[in-house]
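Read the structure below first, then the notes.
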Amino acid sequence: MLICDTHSHYDDDAFAKDREELLGGALAAAGVEFTVNMGASMEGAEASVMLAEKYRADAQKADAQKAGAQIAERREAAGPTIVYAGCGIHPDDVGVFEGKETASGMRFPGGADVLEHLRVLCGKEGVVCVGEIGLDYHWMVEEKEVQKRWFREQMRLAHELDLPINVHSRDAAQDTFDMIRENYEAGNDTGGIIHCYSGSAELAREYVRMGYHIGIGGVVTFKNAKTLKKVVSQTPMEYLVTETDCPYLSPEPNRGKRNDSRNIRFVIEEIARLKELDVEQCAELLRRNAHEVYRV
Ligand SMILES: [Zn+2]
């Protein structure tokens with residue numbers, strides 16, 4: 001089984017000790033073909049670009065040396081996993097656009113300059129989306145209007161660069177949807193993934209109608225995740241993609257432990273069960289979707 005992880009955070013401190021071991025071979029040995037490391041802050045976006053530079057090049061070189069072999073054999077040879085990058089600013093961190101100091105003490109002059117910095121990062125090799133961006137009304141680190149302004153600006157950036165978006169939405173389902181629909185109706189939409197989807201099956205249908213993919217992670221394996229299981233059952237197979245959001249959200253039976261891309265096999269097994277598909281066949285369909293949405 002080959003696994004694609006459409007949303008991860010290997011730059012997180014939780015991977016300080018074994019990042020090299022995982023990305024350099026252990027993930028690939030378990031069938032992980034690629035992962036998209038998502039920038040959440042400006043520092044995270046920079047770290048994502050650096051990870052993509054390092055591992056994407058190595059993995060593609062290793063693949064080229066074994067050209068002719070089937071992709072599954074090449075991955076099983078346990079070279080590095082391909083790392084792509086997402087560059088975007090999470091709603092909790094959009095204060096950086098307004099001249100606020102970031103978590104690590106970085107400060108940019110307010111407004112357009114920071115957006116320019118992000119634009120340069122998004123243009124780097126291996127960057128496949130603008131993300132994660134969106135709205136988070138759970139923590140309310142920034143006012144709603146500030147979050148909306150920079151979600152809109154980053155969607156505009158995605159359109160300008162012709163990159164899909166990776167969307168974070170927490171306790172803000174309706175506003176997130178309304179903003180994406182507004183962008184779509186204005187003809188500026190580039191599609192993408194609604195990451196760690198937590199809305200209703202009806203709302204998922206509306207996203208799919210606009211061509212969006214629904215990101216499914218560890219939560220789908222939880223017994224009480226009835227709504228999400230229904231979303232998976234009712235969403236057309238070609239609009240589902242797998243993700244970890246690691247180090248968070250480990251699926252059963254590893255719930256509560258640090259997550260990594262290998263655990264996606266449990267997510268695939270649950271999707272296969274809900275879709276009444278053979279696991280291998282389901283994995284292959286999900287792999288194709290992940291390639292399609294990121295155009296890789
Ligand atoms: Zn994330």
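The values are calculated or read from the model by the stated rules, or taken from the named source; none is laboratory data. What you see is a predicted model, and the numbers here were worked out from it, not measured in a lab. As a convention, Cβ positions derive from the backbone with ideal geometry for all residues, glycine included, and neighbour counts pool all protein chains shown. Please note that ligands, DNA and RNA were not included when accessible areas were found on the heavy atoms of the full protein model with its side chains. Shrake-Rupley method; radii C 1.70, N 1.55, O 1.52, S 1.80 Å.
Determine whether VAL231 is away from the ligand (no atom under 16 Å from the Cβ), in contact (Cβ under 8 Å) with a residue 60 or more places away in the chain and β-branched (Val, Ile, Thr). No. When the criteria are applied in full, ARG156 meets the requirement of being at pLDDT 95 or above, away from the ligand (no atom under 16 Å from the Cβ), out of contact with any strand residue (DSSP E or B) (no Cβ under 7 Å at 6 or more places or on another chain) and closer than 24 Å to GLU43 by Cβ. Residues of the range 93-108 that are over 17 Å from GLU153 (Cα atoms), exposed (fewer than 15 other Cβ atoms within 10 Å of the Cβ) and not basic (Lys, Arg): GLU101, ALA103, SER104, GLY105, MET106.
Filtering the range 147-196 to residues that are open to solvent by less than 20 Å² (accessible area, probe 1.4 Å) and among the β-branched types (Val, Ile, Thr) leaves ILE165, VAL167, THR176, ILE180, ILE193, ILE194. Remark: pairs (first residue in the range 194-209, without any contact (Cβ under 8 Å) to a residue 60 or more places away in the chain; second residue hydroxyl-bearing (Ser, Thr, Tyr) and open to solvent by 40 Å² or more (accessible area, probe 1.4 Å); Cβ separation under 7 Å; 6+ apart in sequence or on different chains) = SER200/THR227; VAL208/TYR239. Counting only residues that are in a strand (DSSP E or B) and open to solvent by 10 Å² or more (accessible area, probe 1.4 Å), the range 133-146 holds 0 of them. Within the range 157-175, the presence of a residue that is touching a residue at least 12 places away in the same chain (Cβ under 8 Å), more than 22 Å from the chain's Cα centre (by Cα) and in a helix (DSSP H, G or I) is excluded.
Every residue, every condition in (1) in a helix (DSSP H, G or I); (2) touching a residue at least 60 places away in the same chain (Cβ under 8 Å); (3) open to solvent by less than 30 Å² (accessible area, probe 1.4 Å), yes or no:
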site: GLU238; (1), (2), (3): yes, no, no
site: GLU252; (1), (2), (3): no, no, no
site: GLY256; (1), (2), (3): no, no, no
site: ARG262; (1), (2), (3): yes, yes, no
site: LEU274; (1), (2), (3): yes, no, no
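Is there a residue being within 14 Å of the ligand (Cβ to nearest atom), open to solvent by less than 10 Å² (accessible area, probe 1.4 Å) and acidic (Asp, Glu) anywhere in the range 30-40? Checked against the condition, which is being within 14 Å of the ligand (Cβ to nearest atom), open to solvent by less than 10 Å² (accessible area, probe 1.4 Å) and acidic (Asp, Glu), the range 30-40 yields no hits at all. The condition of being over 17 Å from LEU274 (Cβ atoms), outside any helix (DSSP H, G or I), touching a Pro at 6+ places or on another chain (Cβ under 6 Å) and not aliphatic (A, V, I, L, M) does not hold for THR244.
Residues that are modelled with pLDDT of 95 or more, of a type in the set (Asp, Glu) and either in contact with a helix residue (DSSP H, G or I) (Cβ under 6 Å, 6 or more places away or on another chain) or within 16 Å of the ligand (Cβ to nearest atom) (or both): does the range 276-287 have at least one? Among the residues of the range 276-287, not one is modelled with pLDDT of 95 or more, of a type in the set (Asp, Glu) and either in contact with a helix residue (DSSP H, G or I) (Cβ under 6 Å, 6 or more places away or on another chain) or within 16 Å of the ligand (Cβ to nearest atom) (or both), which makes the answer no.
Matching residues to (1) out of contact with any Asp or Glu (no Cβ under 8 Å at 6 or more places or on another chain); (2) at pLDDT below 95:
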| position | (1), (2) |
| --- | --- |
| HIS7 | no, no |
| LEU22 | no, no |
| VAL36 | no, no |
| ALA69 | yes, yes |
| THR81 | no, yes |
| GLY86 | no, no |
| LEU115 | no, yes |
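Tallying residues that are in contact with a helix residue (DSSP H, G or I) (Cβ under 8 Å, 6 or more places away or on another chain) and either over 27 Å from LEU118 (Cα atoms) or surrounded by fewer than 19 Cβ atoms within 10 Å (Cβ to Cβ) (or both) within the range 1-17 yields 3.
Within the range 197-219, the set of residues being open to solvent by less than 20 Å² (accessible area, probe 1.4 Å) and within 16 Å of the ligand (Cβ to nearest atom) comprises TYR197, HIS213, ILE214, GLY215, ILE216, GLY217, GLY218. Among the conditions (1) within 16 Å of the ligand (Cβ to nearest atom); (2) under 17 Å from GLY191 (Cα atoms), the only one that SER261 does not satisfy is (2).
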